[in-house]
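Below is one structure, written out as structure tokens; the observations come after it.
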Amino acid sequence: MKTIGNLPGERLAGLWADLAHKVQKGKISLDEIALFNQRKNPFGVGVGKANVIAIDRTKPFNPTESIGNGWSFWLGPADGNGLEGKPEQDDCSLALTEVDLSEILLEAHLKSRETSITGEERLRRLIAADRIRLDLGVFKTLWDNKEMIPASFSGRTNNNATCVFFDGQTLRSPDGQRFTLFLSLSGGGAWRWGVRWLGHDRFVSGPSAVLAR
């Protein structure tokens, strides 16, 4: 018998039919279904949720529109002015048109006895480890489809909320500083995003979202 998740296909089909009936009768809302998707469920399968999410590369992340005037992508080397040269980005991530969410890794790359490293050092270690650093197109897709955000993003480390960094593209602030963007679940249960200077420390609770090659 074919199974999906931990359930036989026939039983899963029955659950889908029952869920659709309850939605039509107003016994369960779409918001409740979305909340259910964000939590580990006993069926071993997401409701209306696949592991693979498509990345729409026709609508790239725009720093000026999304963050504010004067924000852009960093161009050229890290020790330059960020205004000339090639964008500092992970071209392998930019080439992705879909991502298997179950394959996303959250990595801090701290060495023994280290409690933190700067964002700049994290970038160097991710590159040395040959990881694919997820870009802001992947972030934008998850932000627009919050029900698809992996459960691992909402965990807590040492009682601190997890801040997941998307280091596949480096941002330039209006005053010429280097930043990367993060995604985090607030204490109130709402997703939020922000940018953090690469000179700031990053802890185990602030990992980077990557894929293995």
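Structure summary
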item	result
Amide hydrogen neighbours beyond the local backbone of residue 73, cut-off 5 Å, H modeled	172
Ordering of 117-127, 84-94 by burial proxy (mean other Cβ atoms within 10 Å per residue, highest first)	117-127, 84-94
Gain on full stretching of the segment that runs from residue 72 to residue 102 - 0.36 nm per residue minus C-alpha separation	7.8 nm
Pairwise FRET efficiency - residue 92 versus residue 190, Cβ, R0 = 30 Å, nearest 0.05	0.45
Computed label-point distance, nm, for sites residue 58 and residue 127 using a 7 Å Cα→Cβ extension	3.4 nm
Phi to ³J(HN,Hα) by Karplus 6.51 cos²θ - 1.76 cosθ + 1.60 over the range 158-163, Hz, x for Gly, Pro	6, 6, 10, 5, 7, 10
Highest average packing first - 197-207, 55-65, 158-168, Cβ atoms within 10 Å	158-168, 197-207, 55-65
The range 111-207, accessible area per residue, ligands and nucleic acids excluded (1.4 Å, Å²)	44 Å²
Residue 79 accessible area, 1.4 Å probe, all protein chains in place, Å² to nearest 10	140 Å²
Gain in span if fully extended, residue 81 to residue 158, counting 0.36 nm per residue against the direct Cα distance	24.0 nm
Summed residue charge, Cβ within 12 Å of residue 75's Cβ, Lys/Arg positive, Asp/Glu negative	+1
Long-range amide H partners of residue 116 with built H, under 5 Å	none
Under the Karplus curve 6.51 cos²θ - 1.76 cosθ + 1.60, θ = phi - 60°, whole-Hz ³J(HN,Hα) for the range 188-204, x wherever Gly or Pro sits	x, x, 9, 6, 9, 9, x, 10, 9, 4, 5, x, 6, 6, 10, 9, 5
Cβ-based net charge around residue 93, under 14 Å, with every Lys or Arg adding one and every Asp or Glu removing one	-4
Sequence-distant residues sharing a close amide H with residue 177 (under 5 Å, placed H)	none
The range 56-196, relative contact order in percent, only Cα pairs under 8 angstrom and at least six apart counted	25 percent
Cα shape, the range 112-185, gyration tensor, a/c 1.5 rule	oblate
Overall dimensions of the range 125-165 as given by Cα atoms, namely Rg and Dmax in Å	12.3, 32
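The values are calculated or read from the model by the stated rules, or taken from the named source; none is laboratory data. Bear in mind that the values here come from a model prediction, so they are computed numbers and not experimental data. Every residue, glycine as well, gets a Cβ built from its backbone with ideal geometry; the counts of neighbours run over all protein chains shown. The accessibility values were calculated without ligands, DNA or RNA, using every heavy atom of the protein model including side chains. Shrake-Rupley method; radii C 1.70, N 1.55, O 1.52, S 1.80 Å.
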